[in-house]
Amino acid sequence: MADRIREIPQRILAWWNKFTSKQKTAIISVTLGVILALVILGTILTRPQYVTLVTCESTKDASEIIDLLTENAIEYQVTDDGLIISVRKESLSTATLLLGANGIPADSYSLETALSGGFSTTESDKQKTYKLYREKRLEEIMKSVPAVEAAYVTLSIPDDDGTLLAQKEESYASVVLDLNEELGNGVAENFAKNIATALGNKTTENITIIDSNGNLLFSGADAVSSNNTINATTQIQLKTEAERVLKQEVIQVLLGSNLYEDVKVATNLSMDFSSRKETSHTYTQADENGTNVVSHTSSYEAEGEGDVSGVPGTYTNTQNNLDTYVIENGGGSSYSVAEETSDYLPGEKIVDKDTPPGVIDYGASSIAVTASHYVIYKENELKNQGLLDGITFDEFIAENSEMVRKTVDEDMVTLVANATGIPTANISIIAYDVPIFQASEGLAVDAADIAQIILIILILALLGFVVFTSLRREKEEVEEEEELSVEEMLESTEENMNIEDIEVETKSEVRLMVEKFVDDNPDAAAALLRNWLNEEWG
């Protein structure tokens, strides 16, 4: 085997030396041309195409936009003056939405094209044309998203009559999307922000986006309000997003166990979208001295003295003292008043709790999981194992095509509970062994392989054609040089013959000369014979 491998370079060299210098030059030239053509074609097809994203008024604005693009990993190019920023064609929609979400309008179609017209074009016509071009621009931006097959935008722009009221009035936008798949989370909101920025609106209140089936994707009038109330559409989106994240965690955990190849998860999250504000008062006993904080105190004290006078008037006169008044001496008196009032505050702790909407109650939530383990049956392996003796592969499939339910370990339920926070009592897991049958396959060749094979055949055919044409042309030149007349051959032979070689017998001299020529020049004689035959049958 090693000898054969060592002989390969020698055979290739021997095959290459069969060609003349012209043929080698032609083969090398064609090969290099084909390689160069393939390299140029590959470079053209794989070269990224950049389109203008925005034209900045200053380098400061350009620097801010570049920072946004860099943070979001979007490739870009900047002109030498640093004012025109371009991005890849496939990233145009993402970059435009990014600028719209940050209040930066991207470039649109040329205003000169949109507002062009003749002398008969009125200002109203120009405004209508300008509105149409803005609608088409927004439609193309949304259609660049893979999930959007078609977009239809209708704008209601107030007439600019120069009044202050018209300047303050915002535009309206209605969008209908034909979707070939579900929009990602937040895409409709980004569309609305971009439209609001393009229209110059401060909010997305006047923007509505629906799909072709009538499903509401975004409604600015129903957006989250200042009192933390959430509309029904937003509630569904939040619940769907929370369940999606939970599903990914469960799938990642179960697939990471290497026990299952396919996991289906269904969740039912209990979410409270009501907004609550609670105030909690906590009172404590007095301090260690038994005295609380004084909130109010009041104290009043009074003292005094006085004499009691005689009885006003006179007592009744008696017979013995008709003319005499008697007055008794008064005794002394005193008084004292003291009043005190105190108010004590108990120890108090006040806690305000504001619960936003969208809280998940994991204790009331539930989750269901269906896990599948694939058992692969290959026809060739079954034949080698003798499991197909006496039966066909189709009969084996019919006998073993049902799924087999497996017992789920409690550790698996605990694993899901720890990953989600849902109690084990609310988790259901069912596991199956799913049979997969693989029949014997022949040579599988897809479309890409066929295209490559055809391309190789065409290149080889081109090389073969060039080599064949070169060989044929050289062969014709050699044959023309070797074509000689009979007389010239005989004369050249006669000059080179020695007299001793001529046998003088019954053979003629011409015959002897011809035989001598054939013996000395067999190739030339064969060529001469072919020429005679061609002239005879021509």
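The values are calculated or read from the model by the stated rules, or taken from the named source; none is laboratory data. Keep in mind the model is a prediction, meaning the values are calculated, not measured. Backbone-built Cβ (ideal geometry, glycine too); neighbour counts: all protein chains shown. Keep in mind that these areas ignore ligands, DNA and RNA; they rest on the heavy atoms of the full protein, side chains included. Shrake-Rupley method; radii C 1.70, N 1.55, O 1.52, S 1.80 Å.
Do any helices (runs of 4 or more DSSP H) lying entirely in segment 378-443 carry at least 1 residues that are open to solvent by less than 90 Å² (accessible area, probe 1.4 Å) and in contact with a Pro (Cβ under 7 Å, 6 or more places away or on another chain), and which ones are they?
Values: elements: 379-385, 393-399, 410-420.
Because the criterion is at least 1 residues that are open to solvent by less than 90 Å² (accessible area, probe 1.4 Å) and in contact with a Pro (Cβ under 7 Å, 6 or more places away or on another chain), the helices (runs of 4 or more DSSP H) in segment 378-443 that meet it are 410-420.
Tally the residues that are without any contact (Cβ under 8 Å) to a residue 40 or more places away in the chain and closer than 30 Å to S270 by Cβ, restricting the search to segment 407-442. Steps first, answer last, please.
Of all residues in segment 407-442, those without any contact (Cβ under 8 Å) to a residue 40 or more places away in the chain come to 407-411, 413-414, 417-418, 424-425, 441-442.
Narrowing the set further to residues that are closer than 30 Å to S270 by Cβ leaves 407-411, 413-414, 417-418, 424-425.
Final tally of qualifying residues: 11.
Of the residues that make up segment 36-56, is at least one modelled with pLDDT under 80, open to solvent by less than 40 Å² (accessible area, probe 1.4 Å) and assigned to a helix (DSSP H, G or I)?
yes
Being out of contact with any helix residue (DSSP H, G or I) (no Cβ under 7 Å at 6 or more places or on another chain), within 30 Å of H373 (Cα to Cα) and open to solvent by less than 60 Å² (accessible area, probe 1.4 Å) is the filter here, so list the residues in segment 253-286 that pass it. Give the steps one after another, and end with the answer.
Keep residues of segment 253-286 that are out of contact with any helix residue (DSSP H, G or I) (no Cβ under 7 Å at 6 or more places or on another chain), which gives 254-259, 261-262, 264, 266, 268, 270, 272, 274-286.
Remaining after also requiring within 30 Å of H373 (Cα to Cα): 254-259, 261-262, 264, 266, 268.
The answer is L254, G256, S257, D262, A266.
Please identify the pairs in which a residue from segment 171-193 that is closer than 19 Å to L132 by Cβ and at pLDDT 90 or above has its Cβ atom under 6 Å from the Cβ atom of a residue that is among the hydroxyl-bearing types (S, T, Y) and crowded, with 17+ Cβ neighbours inside 10 Å, counting only partners at least 6 apart or on another chain.
S174/T208
Tell me whether segment 142-159 contains one or more residues that are hydroxyl-bearing (S, T, Y), under 17 Å from G200 (Cα atoms), at pLDDT 85 or above and open to solvent by less than 70 Å² (accessible area, probe 1.4 Å). Even if it seems obvious, please write down each step before you answer.
First, pick out the residues of segment 142-159 that are hydroxyl-bearing (S, T, Y): 144, 152, 154, 156.
Next, only the ones that are under 17 Å from G200 (Cα atoms) stay: 154, 156.
Filter once more, keeping what is at pLDDT 85 or above: 154, 156.
If we keep only those that are open to solvent by less than 70 Å² (accessible area, probe 1.4 Å) too, we end up with 156.
Yes, segment 142-159 contains at least one residue that is hydroxyl-bearing (S, T, Y), under 17 Å from G200 (Cα atoms), at pLDDT 85 or above and open to solvent by less than 70 Å² (accessible area, probe 1.4 Å).
If the Cβ limit is 6 Å and pairs must be 6+ apart or interchain, which residue in segment 57-68 that is at pLDDT 85 or above pairs with which residue that is exposed (fewer than 10 other Cβ atoms within 10 Å of the Cβ) and β-branched (V, I, T)?
Here the result reads none, with nothing in segment 57-68 linked to a residue that is exposed (fewer than 10 other Cβ atoms within 10 Å of the Cβ) and β-branched (V, I, T).
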